Amino acid sequence: MANISTNAIAGLRAQIQGQVILPEDANYDEVRSIWNAMIDKRPAVIVQCATTNDVPAAIGFARQHGLELSIRGAGHNIAGNALCDGGLLIDHSKMKGVTVDTNTKRAYVEPGATLGDFDAAVQAHGLATPVGINSTTGIAGLTLGGGFGWLTRKYGMTIDALVSVDVVTAEGKQLHASQSENDDLFWAIRGGGGNFGVVTRFEFQLYPVGPEVTAGLIVFPAAQSKPLLASYRDYMESTPENFNTWVVMRQAPPLPFLPETVHGTDVLVLALFHAGAQAEAEKLIAPLRGWGDPVGEHVGAMPYVQWQQAFDPLLTPGARNYWKSHNFTELQDGLFNAMIEYAGKLPSPQCEIFIGLIAGAPNRVTPDATAWGHRDAKYVLNVHGRWAAASDDDKVIAWARAFFKASQPFASGGAYVNFMTEEEGGRVEAAYGANFARLQEIKRKYDPENVFHHNQNIKP
Ligand SMILES: Cc1cc2nc3c(=O)[nH]c(=O)nc-3n(C[C@H](O)[C@H](O)[C@H](O)COP(=O)(O)OP(=O)(O)OC[C@H]3O[C@@H](n4cnc5c(N)ncnc54)[C@H](O)[C@@H]3O)c2cc1C
């Protein structure tokens, strides 16, 4: 182990209430494993925190021993920034508490909570806030990069619902940040990733949602993509903001509602969601069926938490993954042509191209109000390369990069840090655009030595 004495480890153990996990421990591999199987890093020390007070102790230990430091929420980050080789990993997987104040409609969330933990706790009171679409994603990483999902059109980005945070800085100071306290830090944290400190508690505004929503999938043959995409463009932005539809182009998974002859064929899927009266939902959904000749449909009333888990079976950990994303203010024909071309040569059965609609509440916030500043973006596109064997790495990555390049002329610039893979370091500045200089200034104030650099790094 990297120059750390047994005595030093004993001292760390005595300082914290959580666990210190070392490479020789039985649970070491389980705790260091993350969602993207391409990333295999071996921290020298894992501090599995039990309370907020364990965090300054872990930071202090890492700095004292000259160890790299990384922070793990639920380990979903595609770039694998949660892990470091030979350094100290701060693991929050035992800090998953979510408490709800129903009077103020606020939730107080620990940094190891997944979206599933969050949704379950708040939906017990018929409440929700916009988070992502896969329940095993971590609330921490998702929020710190911006965060969007089915409720974003109506209620904004996840950061737009963030009321305050508790943060431990590089110096080990525990700070509270909100609009009225340490407001520069609060601004930077809303999109600036894990660059400024370790967040130990998030406070969110909640909104009444469900518990029943109308949601589901309508599946069309990929051959009908051109008119379908044009209809999607013409229709969706004019619909009420409690209605959302995303486009997914991929091979049909063996879903029970699809005929067997459709399984494995190229399809275009409309994934739709409506939070409101079912009769209104039915009216909004009806036109979608006429955009082509569906080969299958599974749409109906269901609990919001069930829909929030609907994509989990397609997004299990253990696969190899490579992503690239663009923002769009409008969907041009040239983009559709590129999508159709590249969805027509998927390099593995699990790859997909999707467009998520975020037009609505996020666009009503000014670009300099939060560190995430793409307030003109109405759509986020992600090319999701996903495959099983390392021998296919080059093939799938080349496909994703080629599609990314082909779709670039139609994009509005910028990027979403939460969808960036490791070697995209050069895009961090672009991801923050006009907000980058202020982020650097705040980084210099709170982390001048760049202790927190296992992230999409903003250099001080
Ligand atoms: C299957 C899947 C589906 C997704 N769907 C969506 C979606 O619908 N919408 C969306 O917006 N995004 C989505 N994402 C992207 C997601 O937001 C990012 O992957 C995010 O980083 C995941 O957060 P995490 O806590 O699980 O990640 P981790 O890998 O645990 O952490 C990511 C990084 O966040 C920082 N970090 C984590 N915890 C803390 C903390 N307490 N304090 C300071 N910094 C911290 C660290 O820099 C860390 O490296 C999805 C990702 C996956 C894999």
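The values are calculated or read from the model by the stated rules, or taken from the named source; none is laboratory data. Bear in mind the structure is a predicted one, so any value in this text is a computation, not a measurement. Please note: Cβ atoms are built from the backbone with ideal geometry, for glycine as well, and neighbour counts cover all protein chains shown.
Summary table below
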item	result
Options 207, 232; residue that is over 30 Å from residue 110 (Cα atoms), in contact (Cβ under 8 Å) with a residue 40 or more places away in the chain and either more than 16 Å from the ligand (Cβ to nearest atom) or not polar (S, T, N, Q) (or both)	232
Every residue from region 404-437 that is assigned to a helix (DSSP H, G or I), in contact with an Asp or Glu (Cβ under 8 Å, 6 or more places away or on another chain) and touching a residue at least 60 places away in the same chain (Cβ under 8 Å)	406, 434, 435
Tally, over region 207-253, of residues that are in contact with a Phe, Trp or Tyr (Cβ under 7 Å, 6 or more places away or on another chain) and among the basic types (Lys, Arg)	1
Test: residue in region 146-165 that is surrounded by fewer than 21 Cβ atoms within 10 Å (Cβ to Cβ) and not polar (S, T, N, Q)	yes
Answer residue from region 144-179, given it is polar (S, T, N, Q) and without any contact (Cβ under 8 Å) to a residue 60 or more places away in the chain and is farthest from residue 92 (Cα to Cα) among those	179
Region 99-154: number of residues that are charged (D, E, K, R) and under 26 Å from residue 363 (Cα atoms)	5
Elements of type helices (runs of 4 or more DSSP H) in region 1-106, at least 2 residues being among the small types (Gly, Ala, Ser), within 16 Å of the ligand (Cβ to nearest atom) and surrounded by 19 or more Cβ atoms within 10 Å (Cβ to Cβ)	54-64
Lone qualifier among 186, 257, 220 - being modelled with pLDDT of 95 or more and part of a strand (DSSP E or B)	220
Every pair of residues 6+ apart whose Cβ atoms lie under 6 Å, when the first sits in region 42-64 and is closer than 13 Å to residue 20 by Cα while the second is outside any helix (DSSP H, G or I) and acidic (Asp, Glu)	46/91; 48/91
All positions within region 147-181 that are away from the ligand (no atom under 13 Å from the Cβ), in a strand (DSSP E or B) and small (Gly, Ala, Ser)	164, 178
Contacts under 7 angstrom Cβ, first residue in region 185-199 being farther than 12 Å from residue 458 by Cα and of a type outside the set (A, V, I, L, M, F, W, C), partner assigned to a helix (DSSP H, G or I) and more than 8 Å from the ligand (Cβ to nearest atom), 6 or more apart	190/159; 197/446
Residue match in region 127-142 (condition: more than 8 Å from the ligand (Cβ to nearest atom), in contact (Cβ under 8 Å) with a residue 60 or more places away in the chain and surrounded by 24 or more Cβ atoms within 10 Å (Cβ to Cβ))	yes
Qualifying position, being among the hydroxyl-bearing types (Ser, Thr, Tyr) and closer than 30 Å to residue 53 by Cβ, among 214, 245, 239, 200	200
